[in-house]
Amino acid sequence: MSYTLLSSPLQGFTDYRFRNAQNKIFGGIDTFYAPYIRLNGKLVIKSSYQRDLLPENNNTLEVIPQIITNDADEFLFVSKYVQELGYKELNWNLGCPYPMVTKCGMGSGLISNTEKIEQILHKVKNESDIIVSMKMRLGYDTTEEILNVLPILEKYDVKNVAVHARLGKQLYKGGVHLDAFQACVDQSKVKLYYNGDITSVAKFKEMQDRFPAIDHWMIGRGLIADPFLPSMIKNDTLEYPKNKMELFAQFHETLYAGYSESLSGATHILLKMHHLWEYFSVIFDNPHKVHKMIKKAKSIRNYEQAVKEIIKVR
């Protein structure tokens, strides 16, 4: 059965620099979802969001923009903006689990408010021709919450729903709820994509066996931790390429050069790279030691030295 691999949007990680580097050096992802646009009540698109979606920054990629909101006017404003850039689809985030988002009744904090979801979709359908898709969790508190939302999505011709099979209150802790995802598959007339804990080729195959009806698979943190993963899945291999470290070095260098150019000051650059290495360290033989070496690097010079040592000795 043919299938599609998607990159889940992660705020602060999967920006256009990451997407381009991953696509050029490793490949394997068919469609990238851009991290969400959040307006906070002001109908203004921040310059960082603008840069991330500029067609010239994504010209070799298939990208779908995303919004996080609980306001129909914000949704319509962003729809118009992305359509002007040439995008035909806008993904609505009902998945973000972070308290500063959910307390505002957005992200996974909106899933239980079916009235508000319907009200927004109704207005968007009447006033825009944007294609709407969704990214959501099973619920915030219970896995039944999503089951009340699915009939509404069907009513408003939502293109598809990528379901992260966790609850909002779990954040990224604890396991995925596979039986609850199966209940969605059994009840949904809307096309579903699976998201959650695809961290290895073996795990991907396990999920494929578990959900034979699913043909779109979304990889989130697993892609940042292991940028080789999508192409290994596509090539059906458990083996890393022989030039694994060479490719990783190229990937790191591309990202590092990009962020050094766009971020101001050593502190910001180091912070960005330190966050990435929390994930990158996983593909090395001694992740804990690798992460420790990076954390200890408090200057650009020390950081570059640490990276050289890490990549060279493996």
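Kindly identify the stretch 223-314 as rounded, prolate or oblate by the Cα gyration tensor criterion: order the square roots of the eigenvalues as a ≥ b ≥ c, call it rounded if a/c is under 1.5, otherwise compare a/b with b/c, prolate if a/b is larger, else oblate. Because a/c hits 1.5 or more and a/b exceeds b/c, the stretch 223-314 counts as prolate. Coupling constants for the stretch 220-235 follow from the phi torsions by the Karplus curve (6.51 cos²θ - 1.76 cosθ + 1.60, θ = phi - 60°), and in residue order they are x, 4, x, 6, 5, 5, 9, x, 6, 3, x, 6, 5, 5, 5, 8 Hz; glycine and proline get x. With a 1.4 Å probe rolled over the protein heavy atoms of all chains, the accessible area of Cys184, Cys104 falls in the order Cys104, Cys184, largest first. Using a probe of 1.4 Å on the protein chains alone, the accessible area found for His268 is around 100 Å².
Modelled spin-label separation between Leu271 and Ile300, with each label point placed 7 Å from Cα along the Cα-to-Cβ direction: 1.7 nm. Helix 266-280 against the longest principal axis of the chain: what's the angle in degrees, Cα atoms only, rounded to the nearest 10? Computed tilt is about 80 degrees. Note on Ser260 and Glu62: their simple-model spin labels are 3.5 nm apart, each label 7 Å out from Cα toward Cβ. When a/c is below 1.5 the answer is rounded, else prolate if a/b is larger than b/c, else oblate, so apply that to the stretch 28-150 with a ≥ b ≥ c taken from the square roots of the Cα gyration tensor eigenvalues. Since a/c reaches 1.5 and a/b is larger than b/c, the shape of the stretch 28-150 is classed as prolate. For the chain, the share of accessible area belonging to carbon and sulfur comes to 50 percent (1.4 Å probe, ligands and nucleic acids excluded). Note on Tyr98 and Thr31: their simple-model spin labels are 2.5 nm apart, each label 7 Å out from Cα toward Cβ.
Once all protein chains are placed together, Arg221 keeps about 70 Å² accessible to a 1.4 angstrom probe. Accessible area per residue for the stretch 231-314, computed on protein heavy atoms with a 1.4 Å probe, is 61 Å². A simple rule links phi to the HN-Hα coupling: the Karplus curve 6.51 cos²θ - 1.76 cosθ + 1.60 with θ = phi - 60°, which for the stretch 104-121 gives 8, x, 10, x, 5, x, 9, 4, 7, 8, 5, 4, 5, 4, 5, 4, 5, 4 Hz, with x for Gly and Pro. For the stretch 54-74, the residues whose amide N sits under 20 Å from a probe point set 7 Å from the Cα of Ser128 along the beta carbon direction are 54-55, 63-74. Can you compute the label reach from Asp179? Point 7 Å from Cα along the Cβ direction, backbone N cut-off under 15 Å, restricted to the stretch 143-165. The answer is 143-144.
Under the convention that each Lys and Arg Cβ holds +1 and each Asp and Glu Cβ holds -1, the size of the dipole of the chain around its Cα centre is about 1160 debye.
Within the chain, DSSP assigns beta bridges of which about 0% are antiparallel (rounded to the nearest 5). Using a Gaussian network model of the chain in which every pair of alpha carbons under 10 angstrom is joined by a spring, one finds that among Asp285, Asp15, Asp157 the greatest mean-square fluctuation is at Asp285.
Per-residue SASA remark: Arg210, around 90 Å² accessible (1.4 Å probe; ligands, DNA and RNA not included).
Amide H contacts under 5 Å for His216: Thr4, Tyr194, restricted to partners 5 or more places along the chain or on a different chain, H placed in the peptide plane at 1.01 Å from N. In order along the stretch 241-257, the Karplus-derived 3J(HN,Hα) couplings, from 6.51 cos²θ - 1.76 cosθ + 1.60 at θ = phi - 60°, round to x, 4, 9, 3, 5, 4, 5, 5, 4, 5, 4, 4, 4, 4, 5, 4, 5 Hz, and Gly and Pro are given as x.
Output the 0 to 90 degree angle, nearest 10, between the alpha-carbon long axis of helix 201-210 and the longest principal axis computed from the alpha carbons of the chain. That works out to roughly 20 degrees. Once the 1.4 Å probe is applied to the protein heavy atoms, the stretch 50-194 comes out at 44 Å² accessible per residue.
The values are calculated or read from the model by the stated rules, or taken from the named source; none is laboratory data. Quantities reported herein were computed from a predicted structural model and do not represent experimental measurements. Quick reminder, even Gly has a Cβ in these numbers, built from the backbone with ideal geometry, and neighbours come from all protein chains shown. What goes into the accessible areas is simple: the full protein's heavy atoms, side chains included, and nothing from ligands, DNA or RNA. Shrake-Rupley method; radii C 1.70, N 1.55, O 1.52, S 1.80 Å.
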